[in-house]
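The values are calculated or read from the model by the stated rules, or taken from the named source; none is laboratory data. What you see is a predicted model; the values in this text were computed from it and never measured. So basically every Cβ, Gly included, is an ideal-geometry build from the backbone, and we count neighbours across all protein chains shown. The protein model used for the area step is the full one, side chains on, heavy atoms only, and it has no ligands, DNA or RNA in it. Shrake-Rupley method; radii C 1.70, N 1.55, O 1.52, S 1.80 Å.
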Amino acid sequence: MSLKIWLSDKLVDEKDAKISVFDHGLLYGDGVFEGIRIYNGEVFELKAHIRRLYESAKAIRLDIPMGKDELANAIKKTTEANNITDGYIRLIVTRGTGNLGLNPFVCKDSVVIIIADKIQLYPEELYETGMKIVSAATVRNHPLAIPAQSKNLNYLNNIIAKIEALDKGVPEAIMYNHQGYVAEATGDNVFIVRDGIVYTPPAEAGALEGITRNLVIKLAKEQGIQVIEKNLTRFDLYVCDELFLTGTAAEVIGVVEIDGRLIGQGTPGPITKMLREKFFNYARGKSK
Ligand code: PMP
């Protein structure tokens, strides 16, 4: 079935959803985006995603050509037009059509694109067995180059690390920052558990401040679990009791091996499983 795509100011057929080859989003990865879930017909954490989108845009001096309410309305229209009650939304704002130079200010009209589709998940059994991952040699972008908090269209840093993972036959890789501390995975945030305490790197370590991450921190605290944001080393990952990743698409997924070191007993640990379940219920239950 062909999708209806939001393009600039209206819904168009997928085949007509085209942008210029001079769009700086294409030429330079100049733009911002969000990946958002829909659970039970409701857009999950919409406010937080819209807020992050506008902040990402502000950081790169990109004007979003509509207000927050108007954007929320466009998202709603797109999900309804495609009959998506459980799925995934990709919200993109490109710099717009310019010329072959870098100057973003010659681009007159930034382009809003909204795609609502089914979600491609990791296979269900991976959540049961847990996943194997590796450390990427590719260093996360220096925060003074491109801040990780700004979710921009230039994902080459992450893609190169993802290739490292895929070359080694695993789906994800941990990225370290220029100081050697854990930043994040290529598309997810990183958590470890040691002696019952949950640790995750601070956003300043080069991590996107994930919306799933923030919710998982809140859910853990509600369970009386201490959560500490601090710099983590590769060694910390090697010797932790539990390791898990969080993200809009992955939700909460356990990691059972990194760089050939078994984590815990080699299956997702109790705190990982509990937080996965809490998150799962929160996401679905809240939307009822
Ligand atoms: N880090 C990166 C690099 C990501 O692309 C994502 C997914 N958007 C995340 C972390 C997780 O963020 P969120 O929970 O907001 O999806």
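Structure above, values below:
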{"quantity": "The stretch 188-201, subset surrounded by fewer than 21 Cβ atoms within 10 Å (Cβ to Cβ) and either assigned to a strand (DSSP E or B) or within 16 Å of the chain's Cα centre (by Cα) (or both), residue nearest to the ligand (Cβ to nearest atom)", "calculated": "TYR199"}
{"quantity": "Qualifying position, being at pLDDT below 95, in the same structural domain as PHE279 (by TED's automatic domain parsing) and out of contact with any Phe, Trp or Tyr (no Cβ under 8 Å at 6 or more places or on another chain), among GLU172, GLU204, GLU209, GLU184", "calculated": "GLU204"}
{"quantity": "Count of residues meeting criterion [in a helix (DSSP H, G or I) and buried (at least 18 other Cβ atoms within 10 Å of the Cβ)] in the stretch 238-272", "calculated": "2"}
{"quantity": "Top-ranked residue in the stretch 1-33 [being in a loop (DSSP other than H, G, I, E, B) and open to solvent by 80 Å² or more (accessible area, probe 1.4 Å); ranked as nearest to ASP63 (Cα to Cα)]", "calculated": "ASP9"}
{"quantity": "Filter result (farther than 19 Å from ASN103 by Cβ and without any contact (Cβ under 8 Å) to a residue 24 or more places away in the chain) within the stretch 10-26", "calculated": "LYS10, VAL12, ASP13, GLU14, LYS15, ASP16, LYS18"}
{"quantity": "Residue list for the stretch 206-235, restricted to those being touching a helix residue (DSSP H, G or I) at 6+ places or on another chain (Cβ under 6 Å), near the ligand (Cβ under 10 Å from one of its atoms) and among the aliphatic types (A, V, I, L, M)", "calculated": "ILE211, VAL216"}
{"quantity": "Segments classed as strands (runs of 3 or more DSSP E), wholly inside the stretch 66-177, with at least 1 members that are closer than 30 Å to LYS4 by Cβ, in contact (Cβ under 8 Å) with a residue 60 or more places away in the chain and touching a strand residue (DSSP E or B) at 6+ places or on another chain (Cβ under 7 Å)", "calculated": "87-94, 111-117"}
{"quantity": "Residue count for the stretch 41-65, restricted to those that are touching an Asp or Glu at 6+ places or on another chain (Cβ under 9 Å) and either assigned to a helix (DSSP H, G or I) or within 11 Å of the ligand (Cβ to nearest atom) (or both)", "calculated": "6"}
{"quantity": "Within the stretch 206-231, considering residues that are of a type in the set (Lys, Arg), open to solvent by 20 Å² or more (accessible area, probe 1.4 Å) and outside any loop (DSSP other than H, G, I, E, B), the one nearest to ILE50 (Cα to Cα)", "calculated": "LYS218"}
